[in-house]
């Protein structure tokens, strides 16, 4: 196993191509759930969780059902990629929600509303699609999924920390609330642009 | 037929069947019993998952409502219909057992409690409160910028022309947002059926109060006197020099309102109380009523040895009714009197 390659993928997904700040995926929860640190952490954990299982199962579905080189019937079904990924992710998240509600009520409490909210989040679909576009293996897809989730959580938690402090700051009336949050998001994206000069591997 | 078409139908159809069947099966295997009221409350709530209640979403709020931690009124988005629907699901009591309503504990309009300086800073109560104990002559008085009115989510408050906020009881849900908003603790919640409350917060006595406000409580204690409130509903707090009302008493301290020399007590049922009338055919002239009546020259003896109540002087206290040996005294509605007069 090529650990160096996996490290490159992980750093790439967390910092260099951060899902929120560089690819601009999953902006809705980024603005919507970043009002308080505790809910941001809850949301982040749920996203890491869902992205990991979404990477795993979408990779399996793509390779064994859609890709003409490897699937069972040898025909090109790659045009079904988006619809089958959404189907798989939504179904799986619903299933996982039921399982943890039964087996781990405390985890269910912690993830709360965020699990169903992110079933069809574009960042989750994005990580599944990117895995295929980059021709990742199963292990690489998993690492990319986890790392993308961590990157999302990082951006969300940083934003929540800033917004909690912004509540106490003297912000002009017209900019209070979401407008100043968007400005902050822009500034953070510019800051993360610095990581694009990072050369790994 | 095109093999890719068959493959597509088989793949997506198979996936759909697998997931659908799996979910249906899982929902049975992993079924968790939940209080059915949680589902009902969740449906009644706006469902925006905005988080304004402090919970993560509407479902979490529903769980808290059923657990008795929150009430429908804690949802700032909910209309009064939604609050009523939630209360109905919860069996009439949405968390709090007592139906509360907000009151304004100040009557110091500018003509009664003047300003001691002209304030031109931030036009908010919090701002005004920080500058030299506020611009009102009274350190406890309402500053009148209406932060409570702005905080009210139910349109139950208006700012009067006298720079004092008014609570409209029929719209007030007792949510307490105005209490949180007021920097001087002037807004307060009392039971909705409470008859009388004190509308003053000034802890000083006599002269110091009179210097700053014509309608402030001077701490004389006449309302707490056994002669005014025999039930003991009103007592004086020695530290604040203000009377305290114990609303667990089933008493209507009308006489306390009447004896207050500064009118700082507010009768919430003023104008809606019946006044009393003695039936001259049943009166036997013992005069028990005249002895107990707290108002001078209200009950007087006529030339025929009977007693009559002066409807102009009657304060609706009802003290005379139980002492009458012949049960000659009965209430007549105020509006009936108005028609006669």
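Taking the stretch B:192-275 and the strands (runs of 3 or more DSSP E) fully enclosed by it, the elements with 1 or more residues that are under 17 Å from the mean Cα position of the chain (by Cα) and at pLDDT 85 or above are at B:196-198, B:242-245, B:265-267.
Applying the condition of being within 12 Å of chain A (Cβ to nearest Cβ) and in contact with a helix residue (DSSP H, G or I) (Cβ under 7 Å, 6 or more places away or on another chain) to the stretch B:32-43 and asking which residue is surrounded by the most Cβ atoms within 10 Å (Cβ to Cβ) yields B:42.
Here residue B:108 qualifies as part of a loop (DSSP other than H, G, I, E, B), touching a strand residue (DSSP E or B) at 6+ places or on another chain (Cβ under 8 Å) and under 30 Å from residue B:170 (Cβ atoms).
If only residues of the stretch B:175-194 that are buried (at least 21 other Cβ atoms within 10 Å of the Cβ) and touching a strand residue (DSSP E or B) at 6+ places or on another chain (Cβ under 8 Å) are counted, the one that is farthest from residue B:114 (Cα to Cα) is B:178.
Conditions tested, residue by residue: (1) under 17 Å from residue A:185 (Cα atoms); (2) touching a residue at least 40 places away in the same chain (Cβ under 8 Å).
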residue: A:3; (1), (2): no, no
residue: A:21; (1), (2): yes, yes
residue: A:34; (1), (2): yes, yes
residue: A:38; (1), (2): no, no
residue: A:53; (1), (2): no, yes
residue: A:72; (1), (2): no, no
residue: A:76; (1), (2): no, no
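Please specify each residue of the stretch B:125-138 satisfying the condition of being in contact with a helix residue (DSSP H, G or I) (Cβ under 9 Å, 6 or more places away or on another chain) and buried (at least 16 other Cβ atoms within 10 Å of the Cβ).
Those that are in contact with a helix residue (DSSP H, G or I) (Cβ under 9 Å, 6 or more places away or on another chain) and buried (at least 16 other Cβ atoms within 10 Å of the Cβ): B:125, B:134, B:135, B:136, B:137, B:138.
Report yes if some residue within the stretch A:49-59 is facing chain B (nearest Cβ under 8 Å) and touching a helix residue (DSSP H, G or I) at 6+ places or on another chain (Cβ under 7 Å); otherwise report no. Looking through the stretch A:49-59, none of the residues is facing chain B (nearest Cβ under 8 Å) and touching a helix residue (DSSP H, G or I) at 6+ places or on another chain (Cβ under 7 Å). Does residue B:100 satisfy the condition of being surrounded by fewer than 18 Cβ atoms within 10 Å (Cβ to Cβ) and in contact with a strand residue (DSSP E or B) (Cβ under 7 Å, 6 or more places away or on another chain)? Taking the combined requirement at face value, the residue does not satisfy it. All of B:46, B:76 fail the test of being within 21 Å of residue B:174 (Cα to Cα), within 25 Å of the chain's Cα centre (by Cα) and either within 14 Å of chain A (Cβ to nearest Cβ) or surrounded by fewer than 20 Cβ atoms within 10 Å (Cβ to Cβ) (or both), apart from B:76.
With respect to the conditions (1) surrounded by 16 or more Cβ atoms within 10 Å (Cβ to Cβ); (2) within 29 Å of residue A:39 (Cα to Cα); (3) facing chain B (nearest Cβ under 7 Å), residue A:77 lacks only one, and its number is (2).
Residue count for the stretch A:34-83, restricted to those that are assigned to a helix (DSSP H, G or I) and over 22 Å from the mean Cα position of the chain (by Cα): 5. Taken as a whole, the condition of being within 11 Å of chain A (Cβ to nearest Cβ), modelled with pLDDT of 85 or more and either within 28 Å of residue A:34 (Cβ to Cβ) or loosely packed, with under 12 Cβ neighbours inside 10 Å (or both) applies to residue B:29. The set of residues from the stretch A:139-162 being surrounded by fewer than 20 Cβ atoms within 10 Å (Cβ to Cβ) and within 14 Å of another protein chain (Cβ to nearest Cβ) is empty.
Condition (residue is assigned to a loop (DSSP other than H, G, I, E, B), within 22 Å of residue A:119 (Cβ to Cβ) and within 14 Å of chain B (Cβ to nearest Cβ)) applied to the stretch A:20-33: is it met by at least one residue? Yes.
The values are calculated or read from the model by the stated rules, or taken from the named source; none is laboratory data. Source: prediction; values computed, not measured. So basically every Cβ, Gly included, is an ideal-geometry build from the backbone, and we count neighbours across all protein chains shown.
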